[in-house]
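We did not get these values from a lab; they are worked out from the coordinates using the rules stated. Just so it is clear, the structure is predicted and the values come from calculations on it, not from any experiment. For neighbour counting, all protein chains shown are included, and Cβ atoms are generated from backbone atoms with ideal geometry for every residue, glycine included.
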Amino acid sequence: MPAYLIFGITFAFAAAVQPGPLQAYLVSRTLAHGWRRALPAAFSPLLSDGPIIALALLVLSRVPAGFERGLHLAGGAFLLFLAWRAAGTWRRWTPETVVGAGSGRESLIGATVVNLLNPGPYLGWGLVMGPLLLKAWRESPLHGVALLAAFYATLVASMVVVVLLFAGAGRLGPRVNRALIGVSALALAAFGVWQLWLGVKAP
């Protein structure tokens, strides 16, 4: 179980701090309307990810058993790609990197729609989290629940921190966010290698 907890926490942290549509929405909402109005958007994955998870698990449960090796290898390659992209973002960082379009009418609903239209969660659940959740569940339902709990608790908490960082004065928020992206690049690379190892040793 500890491995699943660590992976859930690490992958969620990396997903929350990477510049993308959802983080851009959070930051722009915070800068335009303040942290109190932006904070509910941090909980949007709890609404948007249900259909995404159901779709990923439906597809993954129907693939041949031997397909597991390919999924782990693809997931590992995807994580290494995310690590490479995060490292590039860290090198080219400016405070404007994560500031996107203006805020929507309502934080939670707007962020939920943004997340549903974002390909990132579909790729993450199809290539990484979905196969790992099925593996954990086969070992023990408790392992699967622990993975989900660690992932979503960390995801929401990390996005709350992002909102509060950018609500702070001056350039502190962007600077800390850049450091978090650097840490996430290392974590993604480490777990990418782990996923590749799972693929290599899979029967």
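Fewest first, what order do M129, M1 take by the number of other Cβ atoms within 10 Å? Before the final figure, lay out each step's value.
On the way: M129 26, M1 14.
So the residues, fewest neighbours to most, are M1, M129.
On each of the three principal axes of the Cα atoms of the chain, give max minus min coordinate, whole Å, ordered largest first.
Principal extents (Cα only, largest first): 53, 33, 26 Å.
For each of V59, V161, V114, V183, count neighbouring Cβ atoms within 10 Å of the residue's Cβ, then give the residues from fewest to most. Don't skip to the answer; put the middle values down first.
Values: V59 12, V161 18, V114 22, V183 15.
So the residues, fewest neighbours to most, are V59, V183, V161, V114.
At 0.36 nm per residue, minus the direct Cα-Cα distance, what do L117 and H33 gain on full extension? Give it in nm, one decimal, please.
Full extension from L117 to H33 adds 27.9 nm.
What is the distance in Å between the Cα centroid of the range 24-66 and that of the range 111-159?
9 Å
What is the packing order of peptides 14-27, 138-151, taking the mean over residues of other C-beta atoms within 10 Å and listing the highest first?
Result, highest mean Cβ count within 10 Å first: 14-27, 138-151.
In the range 1-80, which trypsin sites (Lys or Arg not before Pro) fall in coil by DSSP and have 16 or fewer other Cβ atoms within 10 Å?
R62
What are the ³J(HN,Hα) couplings of the range 45-53, residue after residue, when phi is run through the Karplus curve with 6.51, -1.76, 1.60 and θ = phi - 60°? Round to Hz, x for glycine and proline.
Calculated HN-Hα couplings, in order: x, 5, 8, 7, 7, x, x, 5, 5 Hz.
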